[in-house]
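Worksheet: one structure, shown below.
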Amino acid sequence: MLSETKEKAEMTAQIIAQQKNTVILTGAGMSTESGIPDFRSESGWWRKIDQLSIATAEAVEENYSVFHEFYSDRLSTLSECRPHEGHYCLASWEKSGLVTLLATQNVDGFHQKAGSVNVEELHGSIHRFRCHNCGEIADKEEFMRQKPCRECEGKLRPSVVLFGEMLPETAWQRSMELVEKAELVLVIGSSLQVYPVSQLPAITRGKTALINRDETSADTDFDLVMKGSAKEILQYMDNYLKNAEV
Ligand code: APR
């Protein structure tokens, strides 16, 4: 890790420890070191597949076999993967009362699996299923076996937010509220290209920090930018928090 990154990681850790009012906002880059591809990096999903032909309501209605193949593949990949040390660091910071909220764009549920409790899933979850037509709740097996909805024979889908769909209202309102009041908003592993979540850091009265492997178009909007691996930088900050008198 570059010494400049270490310095900024320590400055960020100091704010987290002293203010005890940090909102964490994560994206797909938080889970790549668990073996799950992100979307827009070199090896990202949307580099190989046109996102609008897969992750839209139209795809469910008009291209279901392709839609189903994509999400059932993601579910199979996910079943082979586990949260990494970085996820556990964030959960331990929550337990120590340093984190006010963890808002995530990720649908993988790894933050909760690592022990984070106060989590808002802004893009839904791939582990919940429902009928696209009537909303009737379904289970994973019914979806994986391409069963029709028990109520209306409609098509089943994971409860993820597809492009063009609204975010879950309560999760969004609560995240905006806590971000605005936070002393620090720490964004981890997101290109911040997807609206409206990309707008969240801008509404805080506090400071903003970003941990990301690649450059983003939003870098200049942040007070502190740390380039590198989420897992490595979070572990460094965690060690610093444990050892330094902050
Ligand atoms: N450590 C730090 N950063 C990483 C790592 C890592 N190990 N791996 C990838 N990254 C960074 C990449 O450099 C990239 O800028 O994470 C970012 C991920 O960006 P995207 O792939 O655009 O993912 P995200 O911002 O979460 O996408 C937002 O778009 O496709 C939709 O609904 C989907 O929630 C998703 C939303």
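Quick note: the coordinates plus some simple rules give every number you see, no bench work behind them. It should be emphasised that the depicted structure is a prediction, and the values quoted were computed from it without experimental measurement. As a convention, Cβ positions derive from the backbone with ideal geometry for all residues, glycine included, and neighbour counts pool all protein chains shown.
Taking K113 as the anchor, which aspartates and glutamates have their alpha carbon closer than 18 Å to its alpha carbon, excluding any fewer than eight residues away along the same chain?
E33, E80, E85, E94, E121
Restricting to the chain, what percent of DSSP beta bridges are antiparallel, rounded to 5?
Counting DSSP beta bridges with both partners in the chain, the antiparallel share is about 25 percent.
What is the distance, in nm, between label points placed 7 Å from the Cα along the Cα-to-Cβ direction at L75 and at N239?
Taking the two extended label points, one gets 4.0 nm.
Return a whole-number percent for the relative contact order of the chain, with Cα pairs under 8 Å and 6 or more residues apart as the contact set.
With pairs under 8 Å counted, the relative contact order is 25 percent.
Report, to two decimal places, the Cα Rg of the chain normalised by 2.2 N^0.38 Å (N = number of residues).
Relative to the rule-of-thumb radius for its length, the chain sits at 1.04.
Tell me which of L167, Y88, G135 sits at the most positive position along the dipole axis of the chain, charges placed on C-beta atoms (Lys, Arg +1; Asp, Glu -1).
My answer, from the dipole projection, is Y88.
Among DSSP beta bridges whose residues both lie in region 71-160, state the antiparallel percentage, nearest 5.
70
Show that you can apply the helix-only estimate: for the chain, add -39,500 (n - 2.57) for every DSSP H stretch of four or more residues, divide by all residues, and state [θ] at 222 nm to the nearest 500.
About -11000 deg cm²/dmol.
Can you compute the modelled spin-label distance between E141 and Y64, with each label point 7 Å from Cα toward Cβ, in nm?
Between E141 and Y64, the simple spin-label model gives 2.1 nm.
Under 19 Å from the Cα of K20, which lysines turn up, not counting those fewer than eight places away in the same chain?
K8, K95, K181, K207, K242
Give the Debye-formula value of log10 I(q)/I(0) at each listed q (0.16, 0.24, 0.26 Å⁻¹), with one equal scatterer per alpha carbon of region 45-126, two decimals each.
Evaluating at q = 0.16, 0.24, 0.26 Å⁻¹ gives log10 I(q)/I(0) of -0.72, -1.11, -1.21.
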